[in-house]
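Here's the structure we're looking at; comments come further down.
The values are calculated or read from the model by the stated rules, or taken from the named source; none is laboratory data. This structure is a prediction, so every number in the text was calculated from the model and none was measured. Positions of Cβ are generated from backbone atoms using ideal geometry, with glycine treated the same way; all protein chains shown enter the neighbour counts. Heads up: the accessible areas ignore ligands, DNA and RNA and are worked out on the full protein's heavy atoms, side chains in. Shrake-Rupley method; radii C 1.70, N 1.55, O 1.52, S 1.80 Å.
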Amino acid sequence: LYLTVSLIHLFATAKMFHIGNWFTYGIMFARRSNSHTTHVKDVFFPKMVACKIETWSFTGKNHLHGMCVLALNVMNQYLFLIVWYVNVIIIFLNSISCIYTIVKFCSPNIV
């Protein structure tokens, strides 16, 4: 049951947030490719985006185009990395537990 819930959580996270290749997020983060390429956490959670700012004044509406900082994505990068690693560890441990239970059930001589 726990293994099923963990797998559903992994798939639901990828589906709900439309996070590209969520299943290899932690692996790609751990590899840390050279500094000339975009880091995986910046692809999933960009820190800066182009934005349009409208300001109002006596002369009317002004449109400014620039770069906006998404401060919450800095925290989300590491929060979702922790969630990914915890989820993978839980799936691994639950898989071992299921295998042990099946072996124990099939051969009663094993402790």
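Would you pick out the residues in the range 28-49 that are outside any loop (DSSP other than H, G, I, E, B) and modelled with pLDDT of 75 or more?
48, 49, listed by residue number.
Just need a number here: residues in the range 50-98 that are open to solvent by less than 90 Å² (accessible area, probe 1.4 Å), part of a helix (DSSP H, G or I) and β-branched (Val, Ile, Thr).
7
Are there any pairs with C-beta distances below 7 angstrom linking a residue in the range 75-97 that is on the phi < 0 side of the Ramachandran plot to a residue that is polar (S, T, N, Q) and surrounded by 13 or more Cβ atoms within 10 Å (Cβ to Cβ), with the two at least 6 apart or on different chains, and if so which?
Matching pairs, first to second residue: 87/6; 90/6; 91/6; 94/6.
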